[in-house]
Amino acid sequence: MNELFAFFVRQSKWFVFAILVAISLMLLFRSDPYRQHVYLTSAGRLASTAYKSANNVTSYFNLQEINEDLNRQNAALQAEIVHLRQKVQTLSEQGFTDTLVVDSGVKPFEFVVAHVINNSIVHSHNYLTIDKGSLDGIRPELGVVDRNGVVGIVSNVGPSAARVISLLNPNLKLSCKIKRSDYFGSLVWDGVSPDEAVLEELPRHTVYKPGDTIVTNGFSDVFPPGLPVGVVLDTDADHNQNFFALRVKLLTDFTTLGNVQVVKNNRADELRALRKGEENDARQNPFGN
């Protein structure tokens with residue numbers, strides 16, 4: 001307390017000077033209407049600038065919350081699009097039958113928003129890590145997409161994080177088709193470029209043209225059919241096999257990957273149980289007798 005009092009005593013001249021200046025300015029602006037107008041205008045401008053700056057700072061800190069909300073809305077829309085696409089397919093198929101299939105109303109796919117916290121694109125076998133794990137309902141063999149296309153498949157899961165095998169990994173083969181002609185094959189990364197892959201095992205009579213869209217064909221329970229993957233560039237000259245191969249430009253930009261969505265198939269357990277039953281039947285009766 002003594003030090004504070006001593007500080008005021010030492011700086012008393014400056015305090016007296018500041019008080020006198022404030023009194024002088026107050027008397028000056030009160031006595032002259034023009035100067036009072038200038039003062040009020042300047043003060044208003046300063047206050048407006050301060051309010052705008054504060055609003056900009058507040059808006060900046062709200063961007064993350066807004067972005068999260070947009071990601072959640074995008075995930076809901078993705079699930080709705082997949083659900084509507086499957087309903088359209090079901091209705092189309094009903095045109096060839098006399099039996100009306102009752103829609104259960106259960107959406108087979110839902111999308112969980114996650115953020116990429118680690119990502120590699122320069123290795124021969126690339127992976128990424130997301131900030132959602134088993135506590136969020138994430139489990140192995142779930143698909144991962146972003147707003148542009150397919151990203152990869154979940155391989156390992158922890159309580160609050162999960163590892164994803166990237167599409168930029170030759171161990172991952174994705175069943176895809178040419179959207180325009182429905183010819184299908186396996187998409188695999190050949191390690192040449194982080195924005196290109198090869199669609200292999202296509203029949204020699206495949207009909208295509210550069211610019212055709214490559215989408216998932218829905219043969220597995222990981223991804224719904226029709227998700228975008230890439231566009232056809234040209235034939236792949238390095239593949240001289242009995243099958244055809246196309247070079248594909250990937251739609252996902254793995255160099256700027258940030259927000260992703262994990263695809264949860266609500267009917268996956270049912271489909272896997274059916275497949276397991278078929279495998280058991282085949283082992284018990286390998287010759288089909």
Using the Cα atoms of the range 118-162 to build a convex hull, what is its mean projected area in square nanometres? 3.4 nm²
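Distance cut-off 21 Å, Cα to Cα: go down the list Lys209/Lys264; Lys179/Lys209; Lys132/Lys177; Lys177/Lys249; Lys132/Lys173; Lys132/Lys249 and report the pairs above it.
Numbers: Lys209/Lys264 33 Å; Lys179/Lys209 11 Å; Lys132/Lys177 30 Å; Lys177/Lys249 14 Å; Lys132/Lys173 24 Å; Lys132/Lys249 29 Å.
Beyond 21 Å between Cα atoms: Lys209/Lys264; Lys132/Lys177; Lys132/Lys173; Lys132/Lys249.
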In nm, to one decimal, how far is the Asn266 label point from the Met26 one, both placed 7 Å along Cα→Cβ? 6.9 nm
Would you mind checking which residues have amide H under 5 Å from Leu142's amide H? H placed 1.01 Å from N; only 5 or more apart, or other chain. Val154
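Once the piece of chain linking Asn67 and Ser186 is laid out straight, how much longer is it, given 0.36 nm per residue of separation minus the C-alpha distance between them? Mind dumping the intermediate values first?
On the way: separation 119, 0.36 × 119 = 42.84 nm, distance 3.42 nm.
Gain in length upon complete extension: 39.4 nm.
Among 212-221, 197-206, what's the highest-first ranking by average C-beta atoms within 10 angstrom per residue?
212-221, 197-206
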Where nothing but the Cβ of Lys and Arg (+1) and of Asp and Glu (-1) is charged, how large is the charge dipole of the range 128-255 around its Cα centre, in debye to the nearest 20? 240 debye
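Which of rounded, prolate, oblate describes the range 103-253, given a ≥ b ≥ c as roots of the alpha-carbon gyration tensor eigenvalues and a/c under 1.5 marking rounded, otherwise prolate only if a/b is larger than b/c? Before the final figure, lay out each step's value.
Values: a/c = 2.35, a/b = 1.47, b/c = 1.61.
Since a/c reaches 1.5 but b/c is at least a/b, the shape of the range 103-253 is classed as oblate.
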Describe numerically, in nm with one decimal, the distance between label points set 7 Å from Cα along Cα→Cβ at Lys13 and at Asp253. 6.2 nm
Enumerate the calculated ³J(HN,Hα) couplings along the range 169-186 in order (Karplus 6.51 cos²θ - 1.76 cosθ + 1.60, θ = phi - 60°), each rounded to whole Hz, writing x wherever the residue is Gly or Pro. 8, x, 6, 9, 10, 10, 6, 9, 9, 7, 4, 6, 10, 6, 5, 10, x, 10
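Run the accessible area of the range 102-257 with a 1.4 Å probe and give the carbon-and-sulfur part as a rounded percent.
Values: 3680 of 7200 Å².
Roughly 51 percent of what the probe reaches on the range 102-257 is carbon or sulfur.
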With θ set to phi - 60°, apply the Karplus curve 6.51 cos²θ - 1.76 cosθ + 1.60 along the range 137-144 and write out the HN-Hα couplings as whole Hz, x wherever there is a Gly or Pro. x, 7, 9, x, 6, 9, x, 10
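The values are calculated or read from the model by the stated rules, or taken from the named source; none is laboratory data. Just so you know, these numbers come straight off a predicted model, no measurement behind them. Methodologically, a virtual Cβ is constructed for each residue, glycine included, from the backbone with ideal geometry; neighbour enumeration extends over all protein chains shown. What goes into the accessible areas is simple: the full protein's heavy atoms, side chains included, and nothing from ligands, DNA or RNA. Shrake-Rupley method; radii C 1.70, N 1.55, O 1.52, S 1.80 Å.
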